[in-house]
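K.L.:
The structure under discussion is supplied below as structure tokens; questions concerning it will follow.
The values are calculated or read from the model by the stated rules, or taken from the named source; none is laboratory data. As the structure is a prediction and not an experimental result, all values here were calculated from the model. All Cβ positions, glycine included, derive from the backbone under ideal geometry; neighbour counts span all protein chains shown. The protein model used for the area step is the full one, side chains on, heavy atoms only, and it has no ligands, DNA or RNA in it. Shrake-Rupley method; radii C 1.70, N 1.55, O 1.52, S 1.80 Å.
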Amino acid sequence: MRITQYLTSKLKNFSNLPKEYIERSKKQVYWKTPAEKNYLQTTVERKRFRYTTNRSWTGHFRQQNMPGTMRRKVFVEPVEDWSFFRGDRIEVLVGKDKGKQGIVTQVIPERNWVIVEGINWHYRRVGAEKDFPGIIIKSEAPLHVTKDIRLVDPSDLQGTEFEWRFTEEGEKVRVSTRSGRIIPIPETNNQTYDYKTPNAYIEREKDTPAAVVSEITFQPKLATFEMDIMEEMGIKEERTPAKSYWY
């Protein structure tokens, strides 16, 4: 369910890293059978991870999920249509910051969390050692998307409920139920970890041009790899194949 939700969502790959690398960075294999034909391939690995505000490709995530550490299982109700994105202006509904508005800076769909700039913050001590008291930093705590926040209508900057609808062109958009105004997905949602957007990227001298990358050069045909090489190099097969028999 979570995989389907991720694939059908409009969330962008904020890490700007390949999905295979992220899965490999958090993978913990405890035991694996030898790669031999006489073995039934079996792998014993960790399946349950504790997701927090630290993203799964970071070292902090690995420290919180060290081998042998088991934490209490957290039950998360899947969100069918994820509706909050980086750059959205939201209004807080609970806590000491109730009624305040802020901008979403981080999205954690594994826990249905968002982190809002300057909202729901607290002081935290980090780097404390034996002879060093550490330092105090300001840290924002996550907010739950189903009960702690709601979107802000851009027409009057007031909190509103919304629903997903389709435009005449077939685009799926968020619409305020109070004013009927479309709430667009911010351009910040397209930015990656290194703050690059496809439109803002400048091609360098050693970069492969986008037109070359998108060009379709493969032409499917009923020929083997060896036959393609022979055709390219102008090699003609003049030998007579030996007779073969099937019994």
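K.L.:
For ARG204, indicate whether it is assigned to a strand (DSSP E or B), free of Cβ contacts under 8 Å to residues at least 12 places away in the same chain, under 30 Å from the mean Cα position of the chain (by Cα) and surrounded by fewer than 14 Cβ atoms within 10 Å (Cβ to Cβ). Break it down into steps so the answer makes sense when it comes.
P.N.:
Details: assigned to a strand (DSSP E or B): no; free of Cβ contacts under 8 Å to residues at least 12 places away in the same chain: yes; under 30 Å from the mean Cα position of the chain (by Cα): yes; surrounded by fewer than 14 Cβ atoms within 10 Å (Cβ to Cβ): yes.
Considered against the rule, which asks whether it is assigned to a strand (DSSP E or B), free of Cβ contacts under 8 Å to residues at least 12 places away in the same chain, under 30 Å from the mean Cα position of the chain (by Cα) and surrounded by fewer than 14 Cβ atoms within 10 Å (Cβ to Cβ), ARG204 comes out as no.
K.L.:
Here's another thing I want to ask about it. Which residue is nearest to the chain's Cα centre (by Cα), if the candidates are limited to the range 146-160 and must be more than 12 Å from ILE182 (Cα to Cα) and aliphatic (A, V, I, L, M)?
P.N.:
Only one residue tops the list, namely ILE149.
K.L.:
Tell me whether the range 140-148 contains one or more residues that are touching a strand residue (DSSP E or B) at 6+ places or on another chain (Cβ under 9 Å), more than 28 Å from SER56 (Cα to Cα), at pLDDT 90 or above and not in a strand (DSSP E or B).
P.N.:
No, there is no match, as no residue in the range 140-148 is touching a strand residue (DSSP E or B) at 6+ places or on another chain (Cβ under 9 Å), more than 28 Å from SER56 (Cα to Cα), at pLDDT 90 or above and not in a strand (DSSP E or B).
K.L.:
When the residues of the range 106-117 are narrowed to those that are modelled with pLDDT of 90 or more and surrounded by fewer than 16 Cβ atoms within 10 Å (Cβ to Cβ), which ends up farthest from the chain's Cα centre (by Cα)?
P.N.:
Among them, the one singled out is GLU117.
K.L.:
From the list TRP121, TRP31, pick out the single residue that is more than 16 Å from GLU140 (Cβ to Cβ) and of a type in the set (A, V, I, L, M, F, W, C).
P.N.:
TRP31 is the lone residue from the list that is more than 16 Å from GLU140 (Cβ to Cβ) and of a type in the set (A, V, I, L, M, F, W, C).
K.L.:
Filter the range 19-38 down to the residues that are in a loop (DSSP other than H, G, I, E, B) and of a type outside the set (A, V, I, L, M), then identify the one that is nearest to TRP57 (Cα to Cα). Give the derivation first.
P.N.:
Narrowing the range 19-38 to residues in a loop (DSSP other than H, G, I, E, B): 27-28, 33-38.
Keeping just the survivors that are of a type outside the set (A, V, I, L, M) gives 27-28, 33-34, 36-38.
Values: LYS27: 10, GLN28: 13, THR33: 26, PRO34: 28, GLU36: 31, LYS37: 33, ASN38: 35 Å.
The qualifying residue nearest to TRP57 (Cα to Cα) is LYS27.
K.L.:
Show me the strands (runs of 3 or more DSSP E) found entirely inside the range 40-124 where at least 3 residues are hydrophobic (A, V, I, L, M, F, W, C).
P.N.:
Those strands (runs of 3 or more DSSP E) span 101-108, 113-116.
K.L.:
On to the next question. Kindly establish whether TRP57 is closer than 24 Å to SER25 by Cβ, modelled with pLDDT of 90 or more and open to solvent by 30 Å² or more (accessible area, probe 1.4 Å).
P.N.:
no
K.L.:
Identify, from the list ILE183, ILE135, the residue that is hydrophobic (A, V, I, L, M, F, W, C), more than 24 Å from the chain's Cα centre (by Cα) and surrounded by 10 or more Cβ atoms within 10 Å (Cβ to Cβ).
P.N.:
Residue meeting the stated conditions: ILE135.
K.L.:
May I ask you to list the residues in the range 63-86 that are over 26 Å from GLU117 (Cβ atoms) and either hydroxyl-bearing (Ser, Thr, Tyr) or surrounded by 16 or more Cβ atoms within 10 Å (Cβ to Cβ) (or both)?
P.N.:
ASN65, THR69, listed by residue number.
K.L.:
Which of the residues spanning the range 197-217 are modelled with pLDDT of 85 or more and of a type in the set (Asp, Glu)?
P.N.:
GLU205, ASP207, GLU215
K.L.:
Quick check on my filter: what residues within the range 62-73 are modelled with pLDDT of 85 or more and either of a type in the set (Phe, Trp, Tyr) or under 10 Å from PHE49 (Cα atoms) (or both)?
P.N.:
ARG62, GLN64, ASN65, MET66
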